[in-house]
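Every read-out reported here was derived from the displayed coordinates using simple, explicitly stated rules and does not represent laboratory data. The structure displayed is predicted, hence computed values, not measured ones. In this analysis, Cβ positions are derived from the backbone assuming ideal geometry, glycine residues included, and neighbour counts consider all displayed protein chains.
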Amino acid sequence: MALSNTARSYGGVTKTFHWLTALLILTVIPLGWIASDLAHTVNDPSHTPTEAEVARAAFLFSLHKTIGVTIFFVALARILWTLTQTKPGLLNAENKPEAFAAETVHWLLYGSLVLVPLTGWIHHAATEGFAPIWWPLGQDLPFVPKGPAIAAVTAGLHWVLQWVLVIAVGLHIVGAVKHHVIDRDFTLRRMLPGGTEAPEPPAQDHARLPIVAALVLWSAALTAGAWVGAFDSHGASAPAGAELAEVQSDWQVQEGSLAITVTQLGSPVTGEFADWTAAITFDDPAEPGPAGTAEVTISVGSLSLGSVTAQAMGADFFNAETFPTASFNAELVKTDTGYEARGPLTIRDKTLDIALPFTLDMDGDTANVTGELELQRLDFDIGSKMPDEGSLAFAVKVAMNLTATRSQ
């Protein structure tokens, strides 16, 4: 069997690409559906996932993503090889409508084999919290920032384009079976392993109209996807954050952030609480000693933690429905080396005394504050159904920074 194509039949390299691609597609599509169903169960706030469920979902998604990246590179190699090869003619070229349909489906297949894994890869790179790709490549992509907007759009594109691929694969299979069973021609046989002497194809012209038709179909699919809201965030919804009352404070926070970083499946996932208040009194003493107080209230449901936000709100984690707020009532102390906020931190129904070291940069009546500490999630019964660090590390980094001005 020759490695290169001829005008009559496909060579060994093209056949290998074809059947390898078929095997990968018929594996990755059902794998993705199974993983997605399991992920919906794991991320359901009303469900407390077990460590085994999380590990199984992560494994299936990692396998799905890794096969998807493999398809992307196989598709690129296949396209480059095709560009160097003679294209065997259609054996039914005299049947114009059927030939037009066959070429349109081929264009849909070639494009989808690149676009579906690419959009999935971009979605992965844009998302905080993920099952890792097992390729020896970084989990991020150049020029792809992390953020919910890009993640939502690329997730929608991946979902819509996968259906284009599924339909195109289905039509391709139906066409092959029709040629083999009804027409009894060599269309399928000349793609099977081994050498098959196919008849001379009829004279034909590969027009550009099927490319245009494929572009129209992709546009129609994307329009339909936008109409049904595919590009909106359609993950499991988390409880709404508790509304916090305004506080009276000697120092008014003008801007700031309160962030946490967890380590899931060996990768850091950072998120922020969008709503929190701080009632602060502070006078910088000349010597080490008491400096003021800070009463911080946090709306737990305002946390955004990438793709695991809904899971974080669940009963085994923050349990935001039962415990909508967390609080930290601190004494501010000047030490020999800096400053500390010392006092009880309450998360869920657990209260522990902590000390948060922070730096202070005063400019008249404006204070810039940054601080960081590490907590242990099991101290607050967070993720108690995950008693080891295989899926979720024990340590949680808390980082805060704010700019406050003294009230006049």
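Modelled this way, with points 7 Å down the Cα-to-C-beta line, the labels at Val212 and Gln85 are 2.8 nm from one another.
Helix 148-177 and the longest principal axis of the C-alpha atoms of the chain enclose an angle of approximately 20°.
Using the Kirkwood radius over Cα pairs, work out the Stokes-Einstein diffusion coefficient for the stretch 251-406 at 25 °C and 0.890 mPa s, in µm²/s as a whole number. Translational D for this selection: 151 µm²/s.
Where the centroid of each part is defined by its Cα atoms, how far is the stretch 79-151 from the stretch 307-347 in Å? First find each Cα centre; the distance between them is then 44 Å. In the chain, the longest principal axis of the Cα atoms and the axis of helix 51-83 are about 40 degrees apart. Here Lys397 is the anchor, and the lysines within straight C-alpha reach of less than 29 Å, apart from those fewer than 8 places off in the same chain, are Lys65, Lys146, Lys334, Lys350, Lys385. Calculated FRET efficiency, Lys350 to His47, Cβ-Cβ distance, R0 = 22 Å: about 0.50 to the nearest 0.05. Convex hull volume of the Cα atoms of the stretch 76-192, normalised per residue: 145 Å³. For the residues Gly225, Gly129, Gly364, a GNM of the chain with alpha-carbon springs under 10 Å puts the largest fluctuation on Gly364. Other residues lying with their Cβ under 13 Å from the Cβ of Ala102 contribute a combined charge of -2, Lys and Arg counting +1, Asp and Glu -1. Taking 0.36 nm per residue of separation and subtracting the Cα-Cα distance, full extension of the segment from Ser4 to Leu360 would add 121.1 nm.
Taking the chain as a Gaussian network of alpha-carbon nodes connected by springs under 10 Å, the highest mean-square fluctuation of the residues Ala279, Ala320, Ala207 belongs to Ala207. Comparing Thr297, Thr325, Thr16 in a Gaussian network model of the chain, where Cα atoms under 10 Å apart are tied by springs, the biggest mean-square fluctuation is seen for Thr16.
Of Leu83, Ser327, Val164, whose Cα points farthest to the positive end of the dipole of the chain (charges on the beta-carbon: +1 Lys, Arg; -1 Asp, Glu; origin at the Cα centre)? Selected residue: Leu83. Charges were assigned to the Cβ only: +1 to each Lys and Arg, -1 to each Asp and Glu. The resulting dipole of the chain about its Cα centre is roughly 2900 debye. Excluding same-chain neighbours fewer than eight residues apart, the aspartates and glutamates reachable from Lys15 by a Cα-Cα span under 20 Å are Glu103, Asp185, Glu197, Glu200. What the Cα atoms of the chain give is an Rg and a Dmax of 29.0, 97 Å.
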